Every structure is written in structure tokens, then in C-alpha cells.
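Accompanying notes for the structure given below.
The values are calculated or read from the model by the stated rules, or taken from the named source; none is laboratory data. This one's a predicted model, so the numbers in the text were calculated from it and none came from an experiment. Virtual Cβ from ideal backbone geometry, glycine too; neighbours counted across all protein chains shown. We work out accessible area using only protein heavy atoms, side chains counted, and drop any ligands, DNA or RNA first. Shrake-Rupley method; radii C 1.70, N 1.55, O 1.52, S 1.80 Å.
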Amino acid sequence: MKQSPDDHYSEINNEEVSVVIEWFLPPALVGLAALVPNNKLSNWNYDKDRLYYHSWFVPIGKKRKIIYHNFEHYPHMLIGGTTRFGKTVFLKSLFTSLLFSNPDRVRFIILDLKGGLEFWKYRDLPQVQTVATDLIEACKALDHAYKLIKLEEERYRKHSWTNIADTNIKERTFIIVDEGAELSPKLVSKEFKKYAELAQIYLGEIARIGGGLGFRLIFATQYPTRETVPMQVKMNMVARISFRIADGVGSRVILDEMGAEELEPLPGRAIYKLAEKHVLQCPYIDDETIRRYLYESRKNRESSTSDR
């Protein structure tokens, strides 16, 4: 794993320049991602050695070179895409990057609303505060996140702080929602509607005020409609990722324009949008790779402890 870009760049020698330029200079120049002209998109496997330690630069895709997203500049992210085209794999790559680049600084509140099939296995990690698997649990988790935000507001007022960037606070909390459609009041049965409405309020507040206090919302859905993506959430999310979507309506919900319906039907092929759209290939990672990384990390910690 690399050092953080800011810490590392001043220490490089001439032999390292070509490598660091590939992985560091472009994200620094644009302040959010390395955007390199597309020569050829190809599949690639996730590699945690491309992470920057104690940085919030996260590798999200590849053209000719890696594209990084900077969660400090754009704290929230909206993700959409039809099932089987890579949305959940992408969420796992984000989770893995954040976990290993900031093992002592990141916290997760995860809403795995596909029955917990994807993230429940990581519930015992010290960085994971909770994994909610249904609507009721999701409301409890969002209530917890909202209360944490309100506590931070009190602390910021006490110290006359306005934004986490102006403090020495290193910790960040990521609220990951995998299948936000399960929180839509129009898509749940009558007896659960009040819980879905409450979840929408919490999500809107987290997106509206959480960013400046160190809370980052990653909201993903395979059913991108006006009913499934809360307007308050969408309005506060500049960063968008869309995998292939069946029609232009869904593309407009995620990207505010057409295009996702025309993507090649390949897993991992996506559009990353900030001010402009960029077609890229997202990294592939599977549960076995994450398990191996976690095992290696645990063994390294045990070895380090035994050597003291």
C-alpha cells in the first residue's frame, strides 16, 4: 500500500517519478480523480496495493490508467445499475478500499437490504458498527447515524467549527445503502409505509448536513426511479456512478441525462459523472479476495504484536 499522496510525493526520487505520475499526479491536479483519455477499456482485478494509506482517494475505475474518487471533496455518491452489471461488486471495492486505506479512521453503517447476503459476513469487523438487513433494522441504523450527526453538530458549535476539513478530526463514517428501493414508501406494504417514510427523512438529513461533519452517504439501487431515489438525497450528491440501465428514464434519474442505457452490456462497465461523464471499467473483486486480505491483515497485526 502506498503512503498518502501528500505525504509521499515530496519524497520520491527520479526512478519513481513515472510510477507516481501514473497514480498520483492526475488526481492531485484535478483534486478528485485521475481522468485520463480512454484508449482501451479492459477488465481488471482489484489490487489493494494501489491504495494510498490514510487518504480518502479511492480507485473506482480504469481507462488507460486508474481513476480515483476523492471522498473528501465529494463526500456522497449515488450509484445505479441493473442487476448483474456490477453495482454490488463496486460497493464491495469501495468498502475494501476504505477499510484498508483507513483501518483506524473509518466506520461503517451498512444497510444491506438484499437480506444481508452481501455484507452480513463483515458485521464483526471492528470498523463496522452495524449491518441492517431489513426495513426496520435500517430505520434503527439510520436513526443511530442521525443521532451521531446531531452530537457532532453540538461539538462543532462548542468549538466554533464549520467543517470537518477545518479540524484535526481524522475519523469518517460511511453509510452504505445497498438497494435503496427497499426504503421507498411507494414500494412497501401499507404496514411498513411509516418506516419507509422515516427512512427517507433520515437519508435526506444525512445527505444534507452529514458531509461537512464527516459522514458520507453511498446510496445504490438497481431500480432507479423518482420513487426509489429521494430527491433530498439526489440533490446533495454530485458524484454519480451508473452501470447499464434498461432505459433512458433510469439514466436520467442517476446521471440527469441519457447515456447509461447505451453502455456496453458488460459487467463493470460504468459511467462516472462529476461535471462531465467518463466511461470506465470498474475493478472486479470477489468475497474470496476480501477474505484473503482480511486474513493477511490479521496475521500481520498478530505478528507485529508478538514482536513487541
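When each of the peptides 185-192, 51-58 is scored by the mean number of other C-beta atoms lying within 10 Å of its residues, the order from highest to lowest reads 51-58, 185-192. Straight Cα distances below 13 angstrom link Lys114 to the aspartates and glutamates Asp134, Glu137, Asp178, Glu179, Glu182, with same-chain residues fewer than 8 positions distant left out. Counting only the backbone N, which residues of the range 107-141 are under 16 Å from the spot 7 Å out from the Cα of Arg298 toward its beta-carbon? In the range 107-141, the label zone of Arg298 (backbone N under 16 Å from the point 7 Å along Cα→Cβ) covers 120-128.
The structure shown yields percent of Cα pairs over 29 Å apart, and of the options (1) 35; (2) 62; (3) 53 that calculated value carries the label (1).
For the pairs Lys63/Lys87; Lys2/Lys170; Lys65/Lys234; Lys62/Lys140; Lys2/Lys140; Lys2/Lys92, flag any whose C-alpha to C-alpha distance is greater than 27 Å. From Lys63/Lys87; Lys2/Lys170; Lys65/Lys234; Lys62/Lys140; Lys2/Lys140; Lys2/Lys92, over 27 Å: Lys65/Lys234; Lys62/Lys140; Lys2/Lys140. DSSP beta bridges fully contained in the chain are about 35 percent antiparallel. Summarising the label geometry, the points placed 7 Å from Cα in the beta-carbon direction at Glu262 and Ser42 lie 2.6 nm from one another. Full extension of the chain between Lys277 and Arg157 gives 39.4 nm of extra length, using 0.36 nm per residue less the Cα-Cα distance.
The separation of the range 151-205 from the range 225-257, counted between C-alpha centres, amounts to 19 Å. Ligands, DNA and RNA left out, the 1.4 Å accessible surface of the chain is 49% carbon and sulfur atoms.
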